[in-house]
Amino acid sequence: MENSSNLHVAILSSPGMGHLIPVLVLGNRLAAQQNVKVTVLLVTSAVSPPESNLLKLPLYHKLVQIMELPPVDISHLVDHSTKVVTQLCLMVRSALPFIRSAIAAMDPRPEALFVDLFGTETLPIAAEFNIPKYVYIPSMAWFTALTVYCPVLDQEIKGQYVDQPAPLRIPGCKPVRPEDVVDPMLDRNDQQYYEYIRMGKEIPLFDGILLNSWEALEPTTLKAFRDNGILRSVVKIPVYPIGPLRRPVETDSPKNDLIGWLDRQPKESVIFVSFGSGGTLSAEQITELAWGLELSRQRFVWVVRPPNKGRVDEAFFSVANGSDGTPDYLPDGFLTRTRDVGFLVPMWSQQVEILNHEAIGGFLSHCGWNSTLESITSNVPMIVWPLYAEQKINATFLVEEAGIALRPSAKEVVRRDEIASLVRKLMQGKEGETLRNRAKQLNMMATEGLRHGGTSHKLMSEILAKISS
Ligand code: UDP
């Protein structure tokens with residue numbers, strides 16, 4: 001422990017594993033490295049199980065406490081067409097009175113409020129308690145630049161972004177191709193677009209932006225945030241790339257069949273296939289992926305979920321199996337034919353432990369930002385397969401800027417031959433080796449940054465010094 005600041009910080013997490021995990025990791029880092037007492041305020045929904053029940057992890061440092069706020073019920077505000085960003089904003093908006101009461105009741109009172117992207121409407125609460133406020137965007141700087149610059153694009157560009165003939169220009173940053181825009185920018189008439197624009201306008205009103213990125217990963221965009229250019233005139237507050245923050249590997253959990261299987265595979269010979277906490281594929285795409293993996297003749301671990309027919313949780317319900325146990329949504333006999341090279345994990349895996357295993361040599365991923373960082377910090381190159389949210393811009397970044405990934409050609413359904421060829425290229429080819437070396441290099445620079453005195457570490461200390469002053 002290097003600092004006995006005795007600071008108390010409240011961190012607000014919006015609902016969803018992809019939001020709670022990075023908040024918990026940030027809380028843990030503040031507690032373990034900086035001796036900060038952390039209260040995580042978790043917005044939960046009345047209609048889905050609380051994330052803390054889903055999070056089957058040891059709960060972190062003794063200075064980190066999780067406070068589940070009373071569940072909010074937004075069912076009267078939404079219908080089947082309400083998009084995810086709108087729903088998240090509605091949930092946090094409905095929870096504002098609970099957030100306020102929770103902070104008022106805290107003893108000791110927090111000396112700062114950190115919120116994630118969907119929590120920017122807490123600005124008046126921070127003002128009421130007269131505490132500094134920081135927004136934590138557990139994503140990359142390029143996505144953040146797009147978010148804060150979108151209100152300007154909103155004024156400059158007419159028509160839908162996806163129909164633009166040229167990439168969207170963000171000063172000092174790589175332009176964003178129209179087909180890569182984030183989900184809330186897909187339809188300018190939808191409520192989630194207005195919510196996104198609002199967030200983009202509210203972020204610069206905070207005292208600083210914490211990013212789950214690091215200097216060596218995004219030098220160009222981070223420079224654009226620092227330089228006195230147009231982006232700086234939109235965001236005058238400091239930007240702190242304090243990453244990579246990722247879940248620690250559980251080293252003392254009992255070995256299961258999968259880890260035992262991985263122990264028996266050669267180093268860097270297995271590709272891990274997984275689509276995040278909620279990603280599902282169409283029935284046709286699952287069939288093509290299964291054949292692609294089989295035809296590649298590479299070893300694989302695949303977190304399988306039944307095809308998406310609307311609800312991402314429908315896979316928890318019964319699925320019939322073929323005679324060899326193959327789930328009926330995979331090609332008949334798949335388990336038998338791939339018995340020696342493949343391992344299927346239904347629904348949910350210990351992703352961090354798997355990626356960290358030395359047998360893993362590639363990751364076919366939906367490239368959510370947590371998964372991306374877990375891959376880089378395990379020295380694992382990727383095949384990017386974006387599905388939703390900001391994953392298309394992540395995918396482009398990983399291929400064109402970070403240089404650690406391959407991408408299938410953009411088609412509605414990626415066919416088996418292309419999948420097989422990409423998997424072989426990543427796992428066996430020279431190109432795969434180059435990408436793996438680049439992932440190792442980025443990981444090495446990340447580790448440097450996190451060390452005492454490293455760039456990410458220094459920035460975290462700087463934020464806390466400002467809060468204490
Ligand atoms: N995750 C996991 N096991 C799974 C699927 C996901 O542990 O089977 C974790 C993964 O390690 C990551 C998070 O869930 O920390 C997913 O976050 P990400 O940002 O990658 O994507 P999202 O799920 O938000 O789309």
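No lab work stands behind these numbers, since they all come straight from the coordinates. Nothing here was measured: the structure is a model prediction, and the numbers come from that model. Counting neighbours? That spans all protein chains shown, and the Cβs are built from the backbone with ideal geometry, glycine included.
Farthest towards the positive end of the charge dipole of the stretch 188-236, among the residues V234, Q192, A216, is the Cα of V234, using unit charges on the Cβ of Lys, Arg, Asp and Glu.
The HN-Hα couplings worked out from phi for the stretch 376-381 by the Karplus form 6.51 cos²θ - 1.76 cosθ + 1.60 (θ = phi - 60°) are 4, 6, 10, 6, 10, x Hz, whole numbers, x standing for Gly and Pro. Taking the charge dipole of the stretch 257-446 about its Cα centre, with +1 at Lys and Arg Cβ atoms and -1 at Asp and Glu Cβ atoms, the residue from N437, L293, A395 reaching farthest to the positive side is N437. Think of each Lys and Arg Cβ as +1 and each Asp and Glu Cβ as -1; about the Cα centre, that makes the dipole of the chain roughly 900 debye.
Cross-link list K62/K83; K83/K201; K174/K309; K133/K392: which exceed 25 angstrom alpha carbon to alpha carbon? Violating the 25 Å limit, Cα to Cα: K62/K83; K174/K309; K133/K392.
Rounded to the nearest 10 degrees, the angle from helix 430-450 to the longest Cα principal axis of the chain is 30 degrees. Taking amide H as placed 1.01 Å from N in the peptide plane, D116 has its amide H under 5 Å from the amide H of L12, S14, Y136, each at least 5 places away in sequence or on another chain. The Cβ shell under 10 Å around P184 holds other residues with a net charge of -3, Lys and Arg each +1, Asp and Glu each -1.
Packing, as the average of other Cβ atoms within 10 Å across residues, places the peptides 422-432, 375-385, 389-399 in the order 375-385, 389-399, 422-432, highest first.
Assigning unit charges at the beta carbon (Lys, Arg +1; Asp, Glu -1) and nothing else, what dipole magnitude in debye, to the nearest 20, does the stretch 257-446 show about its Cα centre? Could the numbers behind the result be given before it?
Values: 20 positive and 23 negative charges, 83 e Å.
It comes to approximately 400 debye.
The trypsin sites (Lys or Arg not before Pro) of the stretch 168-242 that meet both conditions, a loop assignment by DSSP and at most 10 other Cβ atoms within 10 Å of the site Cβ, are K236. Once backbone amide H atoms are built at 1.01 Å from N, A405 has M382 as its partners under 5 Å, excluding neighbours fewer than 5 places away on the same chain. Mean sequence separation of contacting Cα pairs (under 8 Å, at least six apart), scaled by the length of the stretch 296-430, corresponds to a relative contact order of 21 percent. Between 0 and 90 degrees, the angle of helix 416-428 with respect to the longest Cα principal axis of the chain falls at about 80 degrees. Put a dot 7 Å past the Cα of D163, heading toward its Cβ, do the same for E433, and the two dots end up 4.9 nm apart. For the stretch 365-370, the Karplus equation 6.51 cos²θ - 1.76 cosθ + 1.60, evaluated at θ = phi - 60°, returns couplings of 9, 6, 6, x, 5, 4 Hz by residue, with Gly and Pro reported as x.
Phi angles across the stretch 85-95 convert, under the Karplus curve 6.51 cos²θ - 1.76 cosθ + 1.60 with θ = phi - 60°, into 3J(HN,Hα) values of 4, 4, 4, 4, 5, 5, 5, 5, 4, 5, 8 Hz, Gly and Pro given as x. When the Cα positions of P346, N370, N321 are compared along the charge dipole of the stretch 257-446, N370 comes out farthest toward the positive end, with charges on each C-beta of Lys, Arg, Asp and Glu.
V64's amide H: which non-local residues (gap 5+, or another chain) put their own amide H closer than 5 Å, with H modeled 1.01 Å from N in plane and none for Pro or chain starts? For V64, whose amide H was placed from the backbone, the distant partners under 5 Å are V38. For the chain, DSSP calls about 5 percent of its internal beta bridges antiparallel.
As I understand it, the value is the acute angle between the Cα axis of helix 391-400 and the longest principal axis of the Cα atoms of the chain; what does it come to in degrees, rounded to 10? The helix 391-400 is inclined about 70 degrees to the chain.
Candidate cross-link partners of K255 among the lysines, defined by an alpha-carbon separation under 22 Å and a same-chain spacing of 8 or more, comprise K56, K267.
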